[in-house]
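Quick notes on the structure that follows.
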Amino acid sequence: MLQFLSLATALAAGTLPHPASAAGLNEAATAIGLEYFGTATDNPELTDVPYVAQLNNTADFGQITVGNSQKWDATEPTQNTFSFADGDAVVSLAEGNDQLVRCHTLVWYNQLPNWVTSGNWTNATLTAVMENHITKVVSHYKGRCHHWDVVNEALNEDGTYRDNIFLSTIGPSYIPLAFSFAAAADPDAKLYYNDYNLEYGGDKATAALDIVAAVQDAGAKIDGVGFQAHFEVGTVPDSASLATILTSFTDLGVEVAITEADIRIELPATEEALVQQAEDFGALAEACVGVEGCVGFTIWDYTDRYSWVPGVFPGFGAALPWDEDLVEKPAYDGLLEGLGGEAE
C-alpha cells in the first residue's frame with residue numbers, strides 16, 4: 001500500500017499516475033465496512049454531461065446528497081405552496097443508479113423564505129408552520145431518504161444556540177420538536193443533527209452532544225450526527241484526535257458520518273499544498289474507518305468546477321478531489337489510502 005510519505009515523494013518526483021486506482025472510493029469504503037462514499041450535487045450541474053457521467057459512477061459514489069433543492073426556500077417558497085421538482089430530479093438520478101440519498105435539510109437558519117423570517121409568529125403558530133413544513137417535505141420523500149439532516153447548524157462557535165427565528169420564537173425545544181415531526185412523517189429514515197467545526201472538540205462539540213441528549217431526553221428519535229468537515233488545508237485534526245471526538249458521539253448511541261467534506265487551498269495551489277491536502281483527506285477517512293458507528297463519508301460536490309468555496313472564501317479554492325477538468329487530484333489517492341484501498 002502506498003503510504004503518505006511515499007505519496008509525497010512520488011508527487012515531488014512527478015511519478016504518481018493519475019487517474020489510476022485498484023478500487024473506487026465507494027468500493028473501498030464499502031469493502032472496509034462503511035455504508036457508502038458519496039458526493040453532494042445540485043441541479044444546475046446536471047446539464048453538464050461529462051460531470052453527470054462521473055456522478056453516475058457507483059465505483060466512486062454510492063450515495064448522493066441533495067445540495068440545495070430540498071431546503072426551505074426551495075421546497076416551500078410561499079406558505080403551504082410546495083415545490084419538489086428540483087429535489088425529485090436529484091433523488092431520481094440517485095435512485096436510477098441504486099445510490100443512497102442523504103436528504104438535506106429541514107430546519108436551518110439560512111435559506112429561509114421571507115415569509116418565515118418576517119412572520120409575526122407566536123410559539124404555537126411557528127411550531128405549527130414548522131410541523132407542516134417538515135411533515136409535507138418528509139412525507140413527499142418517504143421511503144427514499146436514507147438520512148435526513150433534520151436540524152442544521154444550530155450552534156455558535158462558543159457552544160451557545162445560534163439566534164434564529166425558531167430559537168427566538170419557540171426556544172431550544174424547536175430542535176427536539178423538529179426531530180419528532182420528522183420521525184412521525186418517515187419512521188424509517190435516519191435522522192441527523194448536522195454542523196461544522198465539531199471536529200476540534202471544545203465548547204461547540206460539547207453543545208452538540210447536549211443537543212443529542214436533549215432530543216433523546218424529550219423522547220424524540222435522533223439517529224446520527226453529521227460532521228461537515230469543511231477545512232483549510234493543514235488544519236485537519238490528526239485521525240486519532242478526530243476519532244476520539246467521533247467516539248464521544250457514538251457513545252451516546254447515535255451514528256456519525258462525514259457529511260460535507262472539502263479542504264480549501266489558498267490559490268494558486270502549490271504542489272506542497274496538494275500533497276498536504278491528500279494527507280488531510282486521508283486522515284479524515286482513516287478516522288471514520290477507525291470508529292465503529294461512523295457509517296459514511298460525503299464530499300461537498302466532487303469537483304472544483306462546482307465548489308462553493310471560491311464564492312465564500314475569496315482567494316481560496318481547489319478544495320475537492322477532482323479538479324475543474326474532472327481529473328483526479330492527489331486528494332483522490334489520499335482518500336483511497338485512508339479508506340484502505342490501494343493506488344497503483
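The values are calculated or read from the model by the stated rules, or taken from the named source; none is laboratory data. No experiment lies behind these values; they were computed from the predicted model shown. Positions of Cβ are generated from backbone atoms using ideal geometry, with glycine treated the same way; all protein chains shown enter the neighbour counts. Just so you know, the surface numbers come from the protein's heavy atoms only, side chains and all, with ligands and any DNA or RNA stripped out. Shrake-Rupley method; radii C 1.70, N 1.55, O 1.52, S 1.80 Å.
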Against the conditions (1) within 27 Å of VAL212 (Cβ to Cβ); (2) in contact with a helix residue (DSSP H, G or I) (Cβ under 7 Å, 6 or more places away or on another chain); (3) of a type in the set (Asp, Glu), where does GLU271 fall short? Just the number, please. (1)
Within the range 139-244, which strands (runs of 3 or more DSSP E) (wholly inside it) include 3 or more residues that are under 24 Å from CYS103 (Cα atoms) and either open to solvent by 60 Å² or more (accessible area, probe 1.4 Å) or touching a residue at least 24 places away in the same chain (Cβ under 8 Å) (or both)? 147-152, 190-195, 224-227
Picking from ALA94, ALA124, which residue would you name as being among the small types (Gly, Ala, Ser), in a helix (DSSP H, G or I) and either at pLDDT below 95 or more than 28 Å from ASN26 (Cα to Cα) (or both)? ALA124
Regarding GLY143, is this residue small (Gly, Ala, Ser), closer than 19 Å to LYS221 by Cβ and at pLDDT 95 or above? yes
Here are some residues: VAL129, VAL107. Which one is within 24 Å of LYS190 (Cβ to Cβ), touching a Phe, Trp or Tyr at 6+ places or on another chain (Cβ under 8 Å), open to solvent by less than 30 Å² (accessible area, probe 1.4 Å) and in contact (Cβ under 8 Å) with a residue 24 or more places away in the chain? VAL107
Can you pull out every residue in the range 249-279 that is closer than 15 Å to ASN197 by Cα and assigned to a helix (DSSP H, G or I)? PHE249
Do we find that ALA189 is at pLDDT 95 or above and touching a helix residue (DSSP H, G or I) at 6+ places or on another chain (Cβ under 6 Å) in this structure? no
Is it the case that GLU286 is open to solvent by 50 Å² or more (accessible area, probe 1.4 Å) and outside any loop (DSSP other than H, G, I, E, B)? yes
Take the conditions in contact (Cβ under 8 Å) with a residue 40 or more places away in the chain, surrounded by fewer than 22 Cβ atoms within 10 Å (Cβ to Cβ) and either farther than 30 Å from GLU232 by Cβ or hydroxyl-bearing (Ser, Thr, Tyr) (or both) and apply them to THR135. Does it pass? yes
By residue number, the members of the range 322-340 that are in a loop (DSSP other than H, G, I, E, B) and open to solvent by less than 10 Å² (accessible area, probe 1.4 Å) are LEU339
Of (1) in a loop (DSSP other than H, G, I, E, B); (2) under 20 Å from the mean Cα position of the chain (by Cα); (3) surrounded by fewer than 23 Cβ atoms within 10 Å (Cβ to Cβ), ALA319 fails just (3)
Scanning the range 323-333 residue by residue, those in contact with an Asp or Glu (Cβ under 6 Å, 6 or more places away or on another chain) and under 21 Å from GLU279 (Cβ atoms) turn out to be ASP323, LYS329
